[in-house]
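Working notes, beginning with the structure itself.
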Amino acid sequence: MEKGNVIHEGKAKIIYETSDPGQVIMFFKDEATARNGEKKGTIKDKGIINNKISTYFFKLLKDHGIDNHYIGTPDARDMLVKKIDMIPLEVVVRNVFAGSLAARFGKEEGTPLSMPIVEFYYKSDALGDPIINRYHAIALEIATLTELNEIEHLAFSINAILKEILGAKNVDLIDFKTEFGRDEKGRIILGDEISPDNCRFWDKDSKQKLDKDVFRHDLGSPEEAYQEMLRRLTE
């Protein structure tokens with residue numbers, strides 16, 4: 001299916017129309033950003049790797065009963081997905097103190113949480129994606145209480161599935177960001193991507209980072225980190 005007009009271009013992806021009004025193409029870019037766009041760069045073949053990893057996870061989640069927007073992977077950088085009405089929430093699931101959560105509570109990075117938690121962030125580049133709670137989301141008419149309950153349920157279910165699969169590959173799932181949307185029937189389904197761009201993956205033994213933190217904090221070669229994460233999933 002050929003690309004049509006650009007619907008939206010973000011930091012990591014471009015969304016294109018297709019000849020089918022119910023389907024769009026996500027093109028994965030090599031550009032990388034961190035700290036709300038303050039740091040910019042390129043990670044060689046990141047788009048190809050993220051497309052492969054996201055394809056792996058979307059197929060896996062569908063097999064486990066988690067509906068998502070994935071349809072197919074027509075080529076190395078393109079993913080064909082359902083066109084859904086995206087909800088402007090970044091839904092973050094955390095299993096371990098890391099990143100902003102560790103800084104916010106003065107905890108040493110790597111300290112396990114006693115239970116997984118879900119955080120909501122209002123998706124707005126202009127505002128720096130501020131953290132919000134359920135009441136904000138409802139008052140701003142971002143989502144209803146019923147939808148938020150469904151989003152939380154799906155987020156925790158995804159977390160449980162991914163932790164089990166990744167654990168078998170000697171990877172700890174530290175945290176991850178998801179986004180959800182409404183399909184043509186108004187149902188909440190998973191969208192966006194699942195990749196080292198929006199997940200923290202650590203080697204279970206060495207605690208080596210296999211995600212964008214390598215780029216974010218200049219910890220070595222992000223290309224090698226992304227390639228290693230793909231290798232673990234696919235070999």
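So the values come out like this:
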| item | result |
| --- | --- |
| Candidates Asp205, Asp197, filtered to the one that is assigned by TED's automatic domain parsing to the domain that holds Ala155 and either under 17 Å from Lys29 (Cβ atoms) or assigned to a strand (DSSP E or B) (or both) | Asp197 |
| Members of region 38-59 that are β-branched (Val, Ile, Thr) and under 15 Å from the mean Cα position of the chain (by Cα) | Ile49, Ile53, Thr55 |
| Filtered residue count, region 4-46, keeping only those that are surrounded by fewer than 16 Cβ atoms within 10 Å (Cβ to Cβ), among the basic types (Lys, Arg) and either under 14 Å from Glu193 (Cβ atoms) or touching a Ser or Thr at 6+ places or on another chain (Cβ under 7 Å) (or both) | 3 |
| Check on Gly106, of a type outside the set (Ser, Thr, Tyr), within 17 Å of the chain's Cα centre (by Cα) and on the phi > 0 side of the Ramachandran plot | no |
| Hits in region 123-137 (condition: touching a residue at least 60 places away in the same chain (Cβ under 8 Å) and surrounded by 13 or more Cβ atoms within 10 Å (Cβ to Cβ)) | Asp129 |
| Selection status of Ile142, touching a residue at least 40 places away in the same chain (Cβ under 8 Å), over 19 Å from Lys52 (Cβ atoms) and assigned to a loop (DSSP other than H, G, I, E, B) | yes |
| Only listed residue being in the same structural domain as Lys163 (by TED's automatic domain parsing) and in a loop (DSSP other than H, G, I, E, B), chosen from Asp75, Asp125 | Asp125 |
| Residue check, Ser206 closer than 30 Å to Ser221 by Cα, out of contact with any Ser or Thr (no Cβ under 9 Å at 6 or more places or on another chain) and polar (S, T, N, Q) | yes |
| Selection within region 4-26 - over 14 Å from Lys82 (Cα atoms) and out of contact with any His (no Cβ under 8 Å at 6 or more places or on another chain) | Gly4, Asn5, Val6, His8, Glu9, Gly10, Lys11, Ala12, Lys13 |
| Search result, residues across region 133-157 that are under 20 Å from Cys199 (Cα atoms) and of a type in the set (A, V, I, L, M) | Ile151, Leu154, Ala155 |
| Subset of region 83-122 that is part of a loop (DSSP other than H, G, I, E, B) and in contact (Cβ under 8 Å) with a residue 40 or more places away in the chain - its residue that is farthest from Asp192 (Cα to Cα) | Gly110 |
| Region 217-235: number of residues that are modelled with pLDDT of 95 or more and in a helix (DSSP H, G or I) | 12 |
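The values are calculated or read from the model by the stated rules, or taken from the named source; none is laboratory data. Being a predicted model, the structure only gives us computed values, none of them experimental. Here Cβ is always computed from backbone atoms with ideal geometry, including for glycine, and neighbour counts include all displayed protein chains.
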